[in-house]
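A.B. asks: Before I ask anything, here is the structure I am working with.
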Amino acid sequence: MNKKSLYHFPVVMMLSASLLLVACGNEEQKNTKNEEKVEEQNITKKAEEKVATETKEKEKEKVKEEKRDAGGYFINQKPVQKEHYEKGILIANKVYPMPKSFAPGESKEARAAFNKMNTQAKKAGFELDAFSTYRSYERQVELYNNYVARDGQEAADTYSARPGFSEHQTGLAFDIGEVGNSADYADDRFGETEAGKWIAAHAHEFGFIMRYPQGKEKITGYKYESWHFRYVGKDIATKIYKDNSTLEEYLGVNG
Ligand SMILES: [Zn+2]
């Protein structure tokens with residue numbers, strides 16, 4: 001290196017440095033723009049992903065709905081670990097079964113309400129009989145298997161719940177008939193009797209609802225049962241009775 005170039009060296013260095021800075025500045029601007037673009041793309045992507053997830057969920061629901069067998073049960077439904085409460089109310093239907101271990105026994109509150117109702121029924125001239133209330137999972141296994149052996153599964157599914165799906169396992173379901181008329185126990189004819197008509201009109205005053213009303217089969221998943229009542233307490237029972245609705249409609253759940 002000669003003297004002249006030695007003199008110029010720092011200038012060259014400074015020039016190179018500032019050029020580098022300018023270059024970096026441009027790079028920074030470019031980076032900011034790129035980041036904005038990436039951000040925009042991310043927002044779009046997220047929105048698209050959300051729509052995709054929602055569509056998937058809807059499809060899943062649809063598939064779930066379609067995957068029911070002739071009895072109205074989901075195909076290959078696995079046993080559940082816990083019973084289901086909706087708005088604090090125990091719900092048992094074909095969508096919400098109970099585990100084998102759920103064995104609360106007959107509800108004392110429901111029994112007391114039934115006794116009160118019976119006192120009033122007697123005054124009206126009818127003596128009521130709760131001929132089937134709490135049924136354990138094991139008892140339902142026996143019953144269901146007997147029905148299947150007798151009539152075949154398809155027929156059995158139309159009138160008997162599979163084990164884990166019977167509302168009787170909740171201890172809150174009461175099958176009611178009239179003392180002296182056991183011929184109409186668990187029979188459509190009960191709804192046509194004076195006792196059947198009286199209980200249909202008054203059960204809500206004591207906290208019971210007719211659980212499977214006529215014309216609501218698609219909502220509850222069960223055919224009309226004039227004898228099957230479910231204890232839900234006076235307020236909810238009165239609301240459901242006055243709205244001419246069902247427990248599923250009241251809770252906003254599928255049956
Ligand atoms: Zn019943």
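A.B. asks: How many residues does segment 123-177 contain that are closer than 24 Å to residue 103 by Cβ, among the hydrophobic types (A, V, I, L, M, F, W, C) and modelled with pLDDT under 95?
C.D. replies: 2
A.B. asks: Oh, and also: If a residue must be within 13 Å of the ligand (Cβ to nearest atom) and under 19 Å from the mean Cα position of the chain (by Cα), how many such residues does segment 224-255 contain?
C.D. replies: Qualifying residue count, segment 224-255: 2.
A.B. asks: Here's a check for you: in segment 193-203, which residue that is part of a helix (DSSP H, G or I) and touching a residue at least 12 places away in the same chain (Cβ under 8 Å) is farthest from residue 237 (Cα to Cα)?
C.D. replies: Per the criteria, the residue is 194.
A.B. asks: Of all residues in segment 168-192, which are in a helix (DSSP H, G or I), small (Gly, Ala, Ser) and within 16 Å of the ligand (Cβ to nearest atom)?
C.D. replies: Within segment 168-192, 182, 191 qualify.
A.B. asks: Now for a separate question. Within segment 112-141, track down each residue that is under 26 Å from the mean Cα position of the chain (by Cα), in a helix (DSSP H, G or I) and within 16 Å of the ligand (Cβ to nearest atom).
C.D. replies: 137, 139, 140
A.B. asks: Something else: Within the group 156, 161, 195, which residue is away from the ligand (no atom under 16 Å from the Cβ) and surrounded by 19 or more Cβ atoms within 10 Å (Cβ to Cβ)?
C.D. replies: Within the list 156, 161, 195, the selection yields 195.
The values are calculated or read from the model by the stated rules, or taken from the named source; none is laboratory data. The structure presented is a predicted model; accordingly, all values stated were derived computationally and were not measured. Cβ coordinates were reconstructed from backbone atoms using ideal geometry, including for glycine residues, and neighbour counts include every protein chain displayed.
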